[in-house]
1. Name the residue that is modelled with the lowest pLDDT, counting only residues in the stretch 66-84 that are over 30 Å from Cys19 (Cβ atoms) and in contact with a helix residue (DSSP H, G or I) (Cβ under 7 Å, 6 or more places away or on another chain).
2. Which count do you get for residues in the stretch 16-36 that are in contact (Cβ under 8 Å) with a residue 12 or more places away in the chain and in a loop (DSSP other than H, G, I, E, B)?
3. Taking interchain pairs and intrachain pairs at least six residues apart, which have beta carbon atoms under 7 angstrom, with the first residue in the stretch 185-201 and within 18 Å of Ile158 (Cβ to Cβ) and the second hydroxyl-bearing (Ser, Thr, Tyr) and modelled with pLDDT of 90 or more?
4. What number goes with the only condition from (1) part of a helix (DSSP H, G or I); (2) modelled with pLDDT of 85 or more; (3) farther than 24 Å from Gly160 by Cβ that Glu89 does not pass?
5. In this structure, does Gly119 turn out to be under 25 Å from Phe33 (Cα atoms) and not in a helix (DSSP H, G or I)?
6. Only residues that are crowded, with 17+ Cβ neighbours inside 10 Å and part of a helix (DSSP H, G or I): list them for the stretch 177-187, please.
7. Trp114 versus (1) among the hydrophobic types (A, V, I, L, M, F, W, C); (2) touching a residue at least 60 places away in the same chain (Cβ under 8 Å); (3) exposed (fewer than 13 other Cβ atoms within 10 Å of the Cβ): which is the lone unmet condition?
8. Quick check on my filter: what residues within the stretch 150-176 are surrounded by 11 or more Cβ atoms within 10 Å (Cβ to Cβ), more than 20 Å from the chain's Cα centre (by Cα) and part of a loop (DSSP other than H, G, I, E, B)?
Amino acid sequence: MSEEKKRRPRRTKANLIECINNATEELIRKDGFSKILVTDIIKRAKIEPVVFYNRYNNLETFLSEFVKNYDYWFSDVLKNLKHPIMSKEGMTEIFQQLLLELNKDSIMLELLRWEVANGNSTTTRTAMLREIHIMPLVKDFEERFHDKDIAALTALIIGGLYYLSLHKDRSSFSGIDINTENGMSRIQKAVEYFTDKIYEDNKLEEERKLMAVRLKEEGVSDEVILKCIWGK
């Protein structure tokens, strides 16, 4: 037995899992998910192959477990919100925090990149689980903004933030480079403008409805109400 093996301290199960996960994180940040190999994980974690295979049948099984720790940006963002979720400020904060999380050299961003490039059981499952986790909040916003297709509107924003983040190391987009402080600030302000418009339009619609009810109570005809309030 080599001197290195004699001196190597015995690690607990928790220590070994932490070493494996840390090694995998480092490799993913360096080369992404698609280039991950079990041999590289073993080498970087400084473990014997049997240690890895005693816990995971293969790389797919391991990655399926691994991504569960990194795919719930949504839950983390909600837990740390400074404003009520259903408020204008809350919606703005959700989008802005998503953008910041994706651009912190995140495993989540690499997971999105992997999903786009590779269709397999793990990427399909993570995409579907993300959808399941976000839908309850979408439903809450749909009830709040029942006159708007809020699901489509938020899909455009989230999809746009995903693409900007995935695209950031290739080139600027519409002249905006989110790798710079100025570029990031411009996108955050655009998100704020977007949510302002959603809430302002909703408030205006509610005021129009209230005005229509009051005019109706005063005996104004439906024809006049439609023409004066909605321009029909």
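1. Across the stretch 66-84, the extreme among qualifying residues is Leu81.
2. Of all residues in the stretch 16-36, those in contact (Cβ under 8 Å) with a residue 12 or more places away in the chain come to 16-17, 19-29, 32-34, 36.
Going one step further and asking which of them are in a loop (DSSP other than H, G, I, E, B), we end up with 32-34, 36.
Number satisfying all stated conditions: 4.
3. What qualifies is Val191/Thr92; Glu192/Thr92; Thr195/Thr92.
4. Glu89 satisfies every listed condition except (3).
5. Numbers: under 25 Å from Phe33 (Cα atoms): yes; not in a helix (DSSP H, G or I): yes.
So Gly119 fits the description; yes.
6. Residues of the stretch 177-187 crowded, with 17+ Cβ neighbours inside 10 Å: 178, 183-184, 187.
Answer for the stretch 177-187, where residues must be crowded, with 17+ Cβ neighbours inside 10 Å and part of a helix (DSSP H, G or I): Gly183, Met184, Ile187.
7. (3)
8. Passing the criteria: only Ser172.
The values are calculated or read from the model by the stated rules, or taken from the named source; none is laboratory data. These figures come from a predicted structure and were not determined experimentally. Backbone-built Cβ (ideal geometry, glycine too); neighbour counts: all protein chains shown.
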